[in-house]
Amino acid sequence: MARRKQSDEGKGMVFGSVGGTVADWYGQNRYVTVGVGMIGIVVLAVIVPVAIYHSIAATGATSIEAENGAVSSQASTFTDSNASNGQYVQFGSGSTGGNVAGMDTSCVFASAPAGTTRAFCDGFNSPTAFDARFARSGELNGLIWGASRADGDTSQWPVFDTNSHTVLDENLNHNVVSNSGPLCGQTGSFPPPSDIKVCGHVETGLQSGGGVVSIAMYPKQPFDFNGRTGTIVFDVSGDSHGSHDIWPEFWLTDKPVPDPFKHATSWASIPQNGFAIRFDASCIGGGCAPNCPAGNPGDYYVNISDSSVFRNYVKDVWDYPGAGAPHSIQYDHCIKEPVTGDGKMNHIELRVSQNQIDIYGTNAQTPSLMTPSWIAANLQHMATMANTNLTMTKGLIWIADAQYNPEKGDGTHFFHRSLWDNVGFDGPKTYRDLAYDVPNGAPSAAAYTVGPHTSKTLTVKSVDKGTADKGASACATTPCALLVFNFAPFDGGGPSLSHTYTINGHTATAITWPFGTPDKTGVDAEFVGNSPRTIGIPIDISDVVNGDNTITFTNNSNSTINYLNVGLIMVNAAPVP
């Protein structure tokens, strides 16, 4: 949603500097999460999409340089004693609309230093009509955003429904009512892609059907933090009640691989390189971090938990001190969650460098009251992931909703509606990929099933290669096109899994197994053979044509394979406006 100028008591794009002290918290001060009817660690995970705007650089609080080098006539400057550096810069008085350019002025960067340049910001001001080229994006603008969905059982997708439902609270052994409320004011049943709606913000509808599900959304413009600490921001309704419930996630991936997600020992759709942060460390009544205040009984507070860095498909875990993970999260403050359905959101900021990730957030607030000065005054340092040693300096950001059988929590979030808004990041403007979807199967059979020693051909509609084809020599060095998809073998997989892809009838190419040897017992327990996987394979762009393209999967194994979230990516195919 577009934010008005601070003088109008609205919200504008802000660059400030909000500091935080990282507290070491070990030993008997172990982080403990208390949920309803259970004790556990709850993680909020966040994935971040952003809209694109003209590059604007602020120097101190007096000079604003627009893309043409002139001072922007829309910019206003003022001081604010609540900001730690005493000043910040606000751009514009609102949004120019959710058009192809994705121009918006609604993102607040309160933890970033003065002089930060905005690269992307989306306030989701209006929905976009369905476009078959971007068949999974719902009401998001498919030129700007991609979306993907997966169930732990990849053959199905539980359809979201806004009606009241009676479900069993397995902890207390009695029935409870789960009612998500309307999805952007609409009621009924919402099969994909209609479960992603836009109405001044994004609303997603999710229900796990007793298992694990994930919806992930990403802007097709990379975030570049090479040689610096970059900032990613978003607003989200972080109302998790624990790890047996719902939670938001944030991912950064080196390639636009669909639905990145991991869960326990059964699901490892992890990128080759990147990181994931889960916001599901939830507790009741506060006091669940060193500097987390005590709240009222029944109030939920949240922080991060069970977050990971990935280096060449090997995961490295950060968790609460004493959890047995290789690294401990350094906790500081926690933030108060919204009450489910009250429309409030938390403002989240991530400060990302190769060697450290810092997480900031505010208590939940009514969006119209989340002015830049309110955010600057209320932003708290939540946690630090130190010594991350990221093996990448540019990647795609993802905001995601996840759910794991809330019946094992308190059951009330079995059908759940999540809110997202004002997603953005700073840094240099890079480029935009052009990405095209194969629609997933019908909701009752979300994947395309390919039996042993059979083939299936899928169609990608109306591809435009844009400026992706940089010539054979350049494309041999940096891939100009990718085939991306999730896949899951029914009866186990591993290095012996044999399957191929063919683009438009050209030479069949083997799909190699890069994920390591499946292991159900070791430190890489997620690497089980039948886990859903995600992958991005460089392809010869000369095999791709402008217009409709076919992709044929041939299964040469004795195991049935499900394919879903299939797409073609034209890399660096369009400029950022």
Collect residues whose amide H, placed 1.01 Å from N in the peptide plane, falls under 5 Å from the amide H of residue 150; neighbours closer than 5 in sequence don't count. 214
Overall Cα dimensions of segment 318-360, principal axis frame, Å, largest first: 38, 25, 15
The extension gain from residue 291 to residue 159, computed as 0.36 nm times the residue separation minus the Cα-Cα distance, is 43.5 nm
Other-chain or far-sequence residues with amide H under 5 Å of residue 446's (modelled H): 156, 157
Segment 422-486 shape via C-alpha gyration tensor axes, a/c threshold 1.5: oblate
Normalise the Debye intensity by I(0) for segment 370-518, one equal point scatterer per Cα, no solvent, then take log10 at q = 0.15, 0.16 Å⁻¹ and round to two decimals. -1.36, -1.43
Give me the number: length gained by fully extending residue 462 to residue 507, i.e. 0.36 nm times residue separation minus the C-alpha to C-alpha distance, one decimal in nm. 14.0 nm
FRET efficiency for residue 542 and residue 186 from the Cβ-Cβ distance with R0 = 51 Å, rounded to 0.05, comes out at 0.70
A chain fully extended from residue 132 to residue 355 at 0.36 nm per residue, minus the present Cα-Cα distance, gains in nm 76.2 nm
What lysines does residue 197 reach when the alpha-carbon gap must be under 23 Å and sequence neighbours fewer than 8 apart in one chain are set aside? 11, 220, 344, 461
Descending packing, highest mean Cβ count within 10 Å first, for 397-407, 563-573 is 397-407, 563-573
Specify whether the C-alpha gyration tensor of segment 433-574 places it in the rounded, prolate or oblate class, a ≥ b ≥ c being the square roots of the eigenvalues: rounded for a/c under 1.5, otherwise prolate if a/b is larger than b/c and oblate if not. prolate
Principal axis dimensions, largest first and in whole angstrom, of segment 286-396 by Cα: 42, 32, 24
In segment 254-338, with Lys and Arg counted as +1 and Asp and Glu as -1 at Cβ, which of these residues, 269, 289, 323, has the Cα nearest the positive end of the dipole, that is, farthest along it? 269
Provide the FRET efficiency to the nearest 0.05 for the residue 556-residue 266 pair, computing r from the beta carbons and using R0 = 30 Å. 0.75
Which order do 540, 104 fall in if you start with the one that has the fewest other Cβ atoms within 10 Å? 540, 104
Taking 143-152, 316-325, 196-205 and ranking on average Cβ neighbours within 10 Å, highest first, one gets 143-152, 196-205, 316-325
Within 10 Å of each residue's Cβ, count the other Cβ atoms and sort 388, 187, 371, 534 from fewest upward. 187, 388, 371, 534
Work out the FRET efficiency for residue 366 and residue 490 from their Cβ-Cβ distance, taking R0 = 41 Å, and round it to the nearest 0.05. 0.30
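No lab work stands behind these numbers, since they all come straight from the coordinates. Since this is a predicted model, take the numbers as computed values, not measurements. Quick reminder, even Gly has a Cβ in these numbers, built from the backbone with ideal geometry, and neighbours come from all protein chains shown.
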